[in-house]
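Peer 1: Got a structure for you, questions after.
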Amino acid sequence: MNLLTFDTHTKLHESGAGIITGLVQTNPRAVLGLATGGTPVGIYEEIVKSYQRGVVHFRDTTTFNLDEYVGLPEDHAESYRNYMNTHLFNHIDLPRAQAHIPDGNAVDAQAECAHYNMLLEQAGQIDLQLLGLGHNGHIGFNEPDHALISGTHVVELREETRKANARFFDSMEQVPSHALTMGVGTILKAKMILLVVKGADKAEIVHRALTGPITTDCPASLLQTHPHLVVLMDSEAGRLF
Ligand code: GLP
């Protein structure tokens, strides 16, 4: 495990973006696992800047997003498809057909999960999986539970997760109750995992996840078993290390 702490967000974002663009420069056909939420926005901004400077292109890259809400129209401001378009896809040359996000509006959600798993399998191993961290230790939308599911599946969101994400919606009632998420097995199969954690409110959970017991009660704790985990934290999140 490689833990890096940054005293400014700019440095953290540049570092995260540098790891991702460095990988794509070396291997333009890389398969990237992407995340949403507030945490990676600055990293995506830096990736866009690198693309605009002409130092990297994404024509041959494939991406898989971790998760999507169930039941939000694709163009809803808070759908993860819309988030990815706004923060990254609209600004780079990644062909949309190579940018995969589970379809939260599929009529048959189980079939959509199976389809997503098939696409992941066809693409081979994810080269780099970018991850944020939920306050309860969730990764993607894999919530704490007595057992975790390996592949893409439908999940009922925990109350605390809906509350945490309510800041992006007009009211708590508008936060979807379910989501589709890549499973922990798929996440752990990635060659490299880049976990990004920011803010004093995540200090305890990131410390528990990376130094506490490995347990399904804290899905991020399973990351301790990964052979190539890089963690980028701001000094607030990293204060207990
Ligand atoms: C969300 C997403 C996760 C994200 C996490 C933290 O619910 N499903 O992929 O990493 O919660 O979000 P944030 O970065 O906004 O704190």
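The values are calculated or read from the model by the stated rules, or taken from the named source; none is laboratory data. Computed from a predicted structure; not experimentally measured. Cβ atoms come from the backbone with ideal geometry, glycine included; neighbour counts cover every protein chain shown.
Peer 1: Exactly one of (1) more than 19 Å from the chain's Cα centre (by Cα); (2) closer than 16 Å to Val24 by Cβ; (3) part of a loop (DSSP other than H, G, I, E, B) is unmet by Asp75. Its number?
Peer 2: (2)
Peer 1: Inside region 138-164, can you point out the residues that are touching a residue at least 60 places away in the same chain (Cβ under 8 Å) and either surrounded by 15 or more Cβ atoms within 10 Å (Cβ to Cβ) or of a type in the set (Gly, Ala, Ser) (or both)? Show your work before the answer.
Peer 2: Let us first name the residues in region 138-164 that are touching a residue at least 60 places away in the same chain (Cβ under 8 Å), namely 138-148, 154.
Across region 138-164, the qualifying residues are His138, Ile139, Gly140, Phe141, Asn142, Glu143, Pro144, Ala147, Leu148, Val154.
Peer 1: Right, next: Would region 66-84 turn up any residue that is buried (at least 20 other Cβ atoms within 10 Å of the Cβ) and closer than 18 Å to Ala220 by Cβ?
Peer 2: Pass one, region 66-84, residues buried (at least 20 other Cβ atoms within 10 Å of the Cβ): 66-70, 72, 79-81, 83-84.
Adding the requirement that they be closer than 18 Å to Ala220 by Cβ leaves 66-67.
Yes, the conditions are met somewhere in region 66-84.
Peer 1: Just need a number here: residues in region 20-36 that are outside any loop (DSSP other than H, G, I, E, B) and surrounded by fewer than 18 Cβ atoms within 10 Å (Cβ to Cβ). If you could, list the steps in order and put the result at the bottom.
Peer 2: Residues of region 20-36 that are outside any loop (DSSP other than H, G, I, E, B), as a first pass: 20-26, 31-34.
Now drop any that are not surrounded by fewer than 18 Cβ atoms within 10 Å (Cβ to Cβ), which leaves 22, 25-26.
So the count comes out to 3.
Peer 1: Now for a separate question. So, in region 114-151, how many residues would count as being within 16 Å of the ligand (Cβ to nearest atom) and of a type outside the set (S, T, N, Q)? Full working, then the answer.
Peer 2: Kept after step one, since they are within 16 Å of the ligand (Cβ to nearest atom), are these residues of region 114-151: 116, 126, 128-145, 148-149.
Checking which are of a type outside the set (S, T, N, Q) leaves us with 116, 126, 128, 130-135, 137-141, 143-145, 148-149.
Count: 19.
Peer 1: Turning to a different aspect of this structure: Taking Gln110, is it touching a residue at least 40 places away in the same chain (Cβ under 8 Å), closer than 19 Å to Val196 by Cβ and of a type outside the set (A, V, I, L, M, F, W, C)?
Peer 2: Working: touching a residue at least 40 places away in the same chain (Cβ under 8 Å): yes; closer than 19 Å to Val196 by Cβ: no; of a type outside the set (A, V, I, L, M, F, W, C): yes.
Taking the combined requirement at face value, the residue does not satisfy it.
Peer 1: Given the options Lys189, Lys198, name the one that is surrounded by 15 or more Cβ atoms within 10 Å (Cβ to Cβ), within 22 Å of Val154 (Cβ to Cβ), charged (D, E, K, R) and within 16 Å of the chain's Cα centre (by Cα). Lay out the reasoning, then the answer.
Peer 2: Values: Lys198 fails: within 22 Å of Val154 (Cβ to Cβ).
Sole residue among the options that is surrounded by 15 or more Cβ atoms within 10 Å (Cβ to Cβ), within 22 Å of Val154 (Cβ to Cβ), charged (D, E, K, R) and within 16 Å of the chain's Cα centre (by Cα): Lys189.
Peer 1: Evaluate region 54-68: report whether one residue or more is more than 13 Å from the chain's Cα centre (by Cα), outside any helix (DSSP H, G or I), modelled with pLDDT of 95 or more and of a type in the set (Ser, Thr, Tyr). First the steps, then the outcome.
Peer 2: Pass one, region 54-68, residues more than 13 Å from the chain's Cα centre (by Cα): 54-62.
Now drop any that are not outside any helix (DSSP H, G or I), which leaves 54-62.
Still in the running and modelled with pLDDT of 95 or more: 54-62.
Now drop any that are not of a type in the set (Ser, Thr, Tyr), which leaves 61-62.
Yes, that holds for at least one residue.
Peer 1: Would you please list the contacts, defined by Cβ atoms under 7 Å and residues six or more apart or on different chains, that run from a residue in region 38-53 that is within 14 Å of Thr86 (Cα to Cα) and touching a residue at least 60 places away in the same chain (Cβ under 8 Å) to a residue that is of a type in the set (A, V, I, L, M, F, W, C) and assigned to a helix (DSSP H, G or I)?
Peer 2: Qualifying pairs under 7 Å: Ile43/Ala17.
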